[in-house]
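S.K.: I'd like to ask some things about the structure below.
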Amino acid sequence: MDSTNGRNKRPNIAMMVPEFQEISKSAVEPHVNAFDSILDQDFFNIFKIQVKGEQWFYRNVENEIFNVDKEDFSLFIKGKKIKFSIVILAVAVTQTWGFRGYLELIGMPYIGCGIQSAIIASNKGFSSKLVKEMGVVHVPKMVHLFKGTPFDIDEILATLTLPLFVKPARRESSIGISKVKAKKELLSAIENAFLQCWDGQVVIQECINGREISCGAFKLNGKIVELPVTEILTEKEFFDYEAKYEPGMCEHITPAKISTELAQQVQKSVVQLYQELNLRDFVRFDFILEEHTNSIYFLEVNVCPNHREGGMLMDQIQAARLSIREIYSRLIYERLDMKYP
């Protein structure tokens, strides 16, 4: 039996659920669990597809396991073929860009940025270079290193002024980031960032003193919707993994206690960057408001922001008096070119 789901039936959704790694479990698990309430079961048939290495499978309530047929991304359950209309990707899965490439190759719609835009935007080096060229906001002065290409500490310090931030070009949750205040600390920080990076690239940026802020956005019905601005406060020296996910280590203030004019300037910049970077669905931009001048400095764009309760994106949606469940339902129906009920 072939369950293809006609247009008048509820779409089948495959939610790709990653195998949690201990280093990022506290970040990823709440995000994945949030979708239990985000996805509306009155509108959709939801299947959690477990990802364990090369094995993708569905486990039913009887604890039976059914492997995904990767030829067309379908399941065969007790004589019935289940075809999916769309895929929802969780954080750790979306960072493995092969999933997006696979889905695009087989023509399967999914929620999230397209692979080309996602790869470029999520790389702190490439995205910073593009944003600088756009001239929408400022960008910290930086050096972009590549694994296997020699670098010289003295040359880096002749280009950049201490203190510096050393970061993996692509890695989630601030993992592998170091703040360097002295020359003797730089080499070990670079080596650590290379160990933690996913693509053999490291970014070194000058430190911009100021207030860290964040602003999310999404696109629906052809309109980019900017969310309220959040200010991030932490007792730590910078907003690292511990500050992000350990209880009590940071505070999010939404909307940020900045002037209406400045908040609108940030939001306008977010809309421009979203458009120019060719983004899709939910993203979140992080900036620094420079001390004394309030100049806006781009830090990074998160193309798969965490949806956990109490996280910045969810705080912004709540402050905007929007429903995350309704937004997702509308995004899914729009992606499937179906009329929202």
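S.K.: Somewhere in segment 95-107, is a residue more than 16 Å from the chain's Cα centre (by Cα) and polar (S, T, N, Q)?
M.R.: no
S.K.: Another question, if that's okay. Across segment 31-69, what is the total count of residues that are of a type in the set (Gly, Ala, Ser) and farther than 17 Å from Leu331 by Cβ? If you could, list the steps in order and put the result at the bottom.
M.R.: If we filter segment 31-69 for residues that are of a type in the set (Gly, Ala, Ser), which is where we start, we get 34, 37, 53.
Filter once more, so that each one left must be farther than 17 Å from Leu331 by Cβ: 53.
Number of matching residues: 1.
S.K.: Please state which one of Arg321, Arg325, Arg308 is over 22 Å from Ile120 (Cβ atoms), assigned by TED's automatic domain parsing to the domain that holds Leu262, free of Cβ contacts under 8 Å to residues at least 60 places away in the same chain and charged (D, E, K, R). Let's see the steps before the verdict.
M.R.: On the way: Arg325 fails: free of Cβ contacts under 8 Å to residues at least 60 places away in the same chain; Arg308 fails: free of Cβ contacts under 8 Å to residues at least 60 places away in the same chain.
Going through Arg321, Arg325, Arg308 in turn, the sole match is Arg321.
S.K.: Related question: Filtering segment 74-106 down to residues that are modelled with pLDDT of 95 or more and in a loop (DSSP other than H, G, I, E, B), which residue is surrounded by the most Cβ atoms within 10 Å (Cβ to Cβ)?
M.R.: Phe84
S.K.: Would you point out the residue of segment 288-303, among those that are closer than 15 Å to Ala256 by Cα and of a type in the set (Val, Ile, Thr), that is nearest to the chain's Cα centre (by Cα)?
M.R.: The qualifying residue nearest to the chain's Cα centre (by Cα) is Ile288.
S.K.: Output the number of residues of segment 115-132 satisfying the condition of being of a type in the set (Val, Ile, Thr) and touching a helix residue (DSSP H, G or I) at 6+ places or on another chain (Cβ under 6 Å). Explain how you work it out, then say what you get.
M.R.: Here is the first cut: in segment 115-132, the residues of a type in the set (Val, Ile, Thr) are 115, 119-120, 131.
Okay, now just the ones that are also touching a helix residue (DSSP H, G or I) at 6+ places or on another chain (Cβ under 6 Å), so 115, 120.
Residues flagged as of a type in the set (Val, Ile, Thr) and touching a helix residue (DSSP H, G or I) at 6+ places or on another chain (Cβ under 6 Å) within segment 115-132 amount to 2.
S.K.: For the structure I just gave you, tell me whether Arg321 is more than 19 Å from Ile111 (Cβ to Cβ) and either assigned to a loop (DSSP other than H, G, I, E, B) or over 20 Å from the mean Cα position of the chain (by Cα) (or both). Spell out how you get there, then give the answer.
M.R.: Numbers: more than 19 Å from Ile111 (Cβ to Cβ): yes; either assigned to a loop (DSSP other than H, G, I, E, B) or over 20 Å from the mean Cα position of the chain (by Cα) (or both): yes.
Yes: the conditions hold for Arg321.
For every residue, the table says whether it meets (1) assigned to a strand (DSSP E or B); (2) surrounded by fewer than 16 Cβ atoms within 10 Å (Cβ to Cβ); (3) in contact with a helix residue (DSSP H, G or I) (Cβ under 9 Å, 6 or more places away or on another chain); (4) modelled with pLDDT under 90.
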position	(1), (2), (3), (4)
Asn8	no, yes, no, yes
Glu22	no, yes, no, yes
Phe57	yes, yes, no, no
Asn63	no, yes, no, no
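S.K.: Looking at (1) in a loop (DSSP other than H, G, I, E, B); (2) in contact (Cβ under 8 Å) with a residue 40 or more places away in the chain, which is the only condition Glu71 fails?
M.R.: Of everything listed in (1) in a loop (DSSP other than H, G, I, E, B); (2) in contact (Cβ under 8 Å) with a residue 40 or more places away in the chain, Glu71 misses just condition (2).
S.K.: Looking at segment 262-283, can you tell me whether even one residue there is over 20 Å from Tyr328 (Cα atoms), part of a strand (DSSP E or B) and of a type outside the set (Ser, Thr, Tyr)?
M.R.: No.
The values are calculated or read from the model by the stated rules, or taken from the named source; none is laboratory data. Being a predicted model, the structure only gives us computed values, none of them experimental. Cβ sites come from the backbone with ideal geometry, for glycine too, and all protein chains shown count toward neighbours.
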